[in-house]
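A short reminder: the numbers here are calculations on the coordinates, not readings from a lab. Quantities reported herein were computed from a predicted structural model and do not represent experimental measurements. Here Cβ is always computed from backbone atoms with ideal geometry, including for glycine, and neighbour counts include all displayed protein chains.
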Amino acid sequence: MKFSIKLFFLIFFVVAVSAFVGKTDNSPFDDESLSLFYYNRSCPEVEKIIHNKVKKWVDKDYTIAPALIRLHFHDCAVRGCDASVLLNHKESERWSNVSKSLRGFEVIDDIKAEIEKKCPKTVSCADIVTAASRDATVLAGGPYWQVPYGRKDGRVSIAKEAELVPMGHENVTDLVEFYQSKGLNIIDLVALSGAHTIGRSTCGSLQYRLYNYMGTGKPDPTINPKYLNFLRRKCRWASEYVDLDATTPKTFDAQYFKNVQNKMGLLHTDQILYSDSRTSPLLNALASQSGLFHHQFAASMVKLGNIQDYLSADDGEIRVNCNYVNA
Ligand code: HEM
């Protein structure tokens, strides 16, 4: 038994370290064209500009931090990290029903406008979203990691494709398969779900758990009864908001995992990470060691940010305005 625990941590450590240095088991999703030094000559101030802008926005409204982190996830989950989520036309991802509660677009526009003044036609919107989500994480009290740059902005964005992003009703197998299709593994799944340690959800995403779960006429039995009462009071309307982490909603800590252990996962997909034998050992490890959570979150965010769509015929561009492809 002792040996298997040691083995588990050894595997955990090896995967985490390899991800951290960006060499993810030679998967076809690795992108060697990205580099930490990509803008060193062409736009040396890019990180400073992004950081200052994100800080300004978060200082005004702290809820912008989780919004930016989620925007990055939704960008990378469809066609890789190519800013396809930012394109703003009627059939684009942004206009899909599942993107309705995405926010932070105006922050990216603000950053882009400033960067275009200093380094015109040089920095991609995809790189801006990636760096902004890192800075947002740090400002919320989470870990820092170095962002490799050099992503291109895609020219294609299709609303229907956004519907493939998990929205909270899935089972663990669905989630694992979705992550695998992006070159991410089960450790990434559990660690990245930890992003739900900050931010909010519309009640519409969870109301189905509160009264008549799966046609049983009863609430989802995996919800802690006190938490259920709280959610029923809080979520009278689908458009109302509720914190993803009921205990420390503004701090990027490991409390999210402890909540899930206490049957206080807000989304069904948060709670099932605790009941499935593939994910529960990982969840328990992250719940008990906040340093490990921060370390693994950083490693998994690097992998998330490196997702590229190699099957796409589009080799991308540097958009001048993040909302539209170049003329
Ligand atoms: C396991 C897959 C995931 C599912 C099923 C999921 C689902 C959701 C849902 C349903 C919401 C609330 C949407 C609403 O307003 O109704 C949400 C919010 C959020 N998600 Fe996820 N998510 C997943 C993975 C991720 C990942 C990988 C990240 C980032 C690394 C992330 C970051 C966030 C953040 C920060 C929020 C709060 C946004 C805000 O406050 O505006 N999620 N997620």
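Quick one: length gained pulling Lys118 to Asp315 fully straight, 0.36 nm per residue minus the C-alpha distance?
Working: separation 197, 0.36 × 197 = 70.92 nm, distance 2.48 nm.
That works out to 68.4 nm of additional length.
Would you calculate the separation in nanometres between label points at Gln261 and His89, each defined as 7 Å from the Cα along the Cα-to-beta-carbon direction?
Placing both labels 7 Å along Cα→Cβ, they lie 5.0 nm apart.
Could you tell me which of Asn40, Val78, Trp145 has its Cα farthest along the dipole of region 28-165 towards the positive end, charges placed at Cβ (Lys, Arg +1; Asp, Glu -1), taken about the Cα centre?
Value computed over the given set: Asn40.
Please work out the C-alpha center-to-center distance from region 274-319 to region 133-165 and express it in whole Å.
Using only Cα atoms to place each centre, the spacing works out to 12 Å.
Over the chain, with a Gaussian network built from C-alpha contacts below 10 Å, which listed residue (Ser290, Ser84, Ser124) shows the highest mean-square fluctuation?
Evaluated over the chain, the most mobile residue of the options is Ser290.
Which aspartates and glutamates have a Cα less than 13 Å from the Cα of Lys100, not counting those fewer than 8 places away in the same chain?
Straight-line reach from Lys100, under 13 Å: Glu163.
Rounding to the nearest 20 debye, state how big the charge dipole of region 55-173 is about its Cα centre with +1 on each Lys and Arg Cβ and -1 on each Asp and Glu Cβ. Before the final figure, lay out each step's value.
Numbers: 18 positive and 17 negative charges, 45 e Å.
Its charge dipole is roughly 220 debye.
Which of rounded, prolate, oblate describes region 115-193, given a ≥ b ≥ c as roots of the alpha-carbon gyration tensor eigenvalues and a/c under 1.5 marking rounded, otherwise prolate only if a/b is larger than b/c?
Verdict is oblate for region 115-193.
Excluding same-chain residues fewer than 8 positions from Lys263, which lysines have a Cα within less than 23 Å of its Cα?
Straight-distance partners of Lys263: Lys218, Lys226, Lys234, Lys250.
For region 28-165, what is the convex hull volume of its Cα atoms per residue in Å³? Let's see the in-between values first.
Working: hull volume 15.3 nm³, N = 138.
Here the figure is 111 Å³ per residue.
So what is the calculated 222 nm ellipticity per residue for the chain, using -39500 (n - 2.57) for each DSSP H run with n of 4 or more, over all residues, to the nearest 500 deg cm²/dmol? It would help to have the intermediate numbers written out before the result.
On the way: 13 runs with 149 residues, N = 327.
Calculated at 222 nm, the ellipticity per residue is -14000 deg cm²/dmol.
Tell me which aspartates and glutamates have Cα within less than 16 Å of Lys152's Cα, excluding those fewer than 8 residues away on the same chain?
Reachable aspartates and glutamates: Asp30, Asp31, Glu32, Asp75, Asp82, Glu116, Asp127, Asp309, Asp314, Asp315, Glu317.
Which values of log₁₀ I(q)/I(0), to two decimal places, follow from the Debye formula for the chain at q = 0.10, 0.11, 0.15 Å⁻¹ with a uniform point scatterer at every Cα?
-0.56, -0.69, -1.28
Which cross-chain or sequence-distant (5 or more) residues have an amide H under 5 Å from the amide H of Glu45, H modelled 1.01 Å from N in plane?
none
Once phi is turned into ³J(HN,Hα) by the Karplus curve 6.51 cos²θ - 1.76 cosθ + 1.60 with θ = phi - 60°, what whole-Hz value does each residue of region 230-246 show in order, with x for glycine and proline?
Ordered by residue, 3J(HN,Hα) equals 4, 5, 5, 6, 6, 10, 6, 10, 4, 8, 5, 10, 9, 5, 5, 10, 6 Hz.
Please give the Cα centre distance for region 214-256 versus region 83-118, rounded to the nearest Å.
29
Quick one: grab Rg to one decimal and Dmax as a whole number for region 152-213, Cα atoms only, in Å.
Considering region 152-213 through its Cα atoms, Rg and Dmax are 14.3, 45 Å.
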